[in-house]
1. Quote to one decimal, in nm, the extra length available between E6 and S29 on full extension: 0.36 nm per residue of separation minus the C-alpha distance between them.
2. I'd like to compare 20-27, 53-60: which one has the highest average count of other Cβ atoms within 10 Å, and what's the full order after that?
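Each value in this text was obtained by applying a stated rule to the coordinates, not by laboratory testing. Computed from a prediction, not measured in an experiment: that's the story for all the values here. Here the Cβ positions follow ideal geometry from the backbone for every residue, glycine too, while neighbour counts run over all protein chains shown.
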Amino acid sequence: MVITAEHDQALARARHRAEARNLVAIEASRVASGHDRTYFFRVSSFSRQGTEHGVRVNYSADGVEVICSCEGGLNNRLCQHAAAALQALESPQVEPEPPAAINRGAAALAILNGDPDDYIFMRSA
């Protein structure tokens, strides 16, 4: 389903359900082709424990297309799983600092503080 302004109310309801149920979309993969971007997510089912639904979000010149493998998505309706995936794409992503950079910073601080034993310990970590 390509999302248009006609879907604003349905999307708002789906987002509300996703937030109320604490649904989290886990990005499985992404593909870029020219200006098109496609993202694939896994979202746990709220009603069926242990079940995950697949959500594909495609950004193209035609707009945003969302497809979910749940019953609602397969019937061309905006669902809470699709809303969770869209929310994940809209949320700012904070990249964690790599452990090596943290260790280098801590090692440099140990050297500056004149504690070479701490530096040797951090080098081996």
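1. Working: separation 23, 0.36 × 23 = 8.28 nm, distance 2.87 nm.
My answer for the length gained is 5.4 nm.
2. Numbers: 20-27: 15.5, 53-60: 19.8.
The densest-packed peptide leads the list: 53-60, 20-27.
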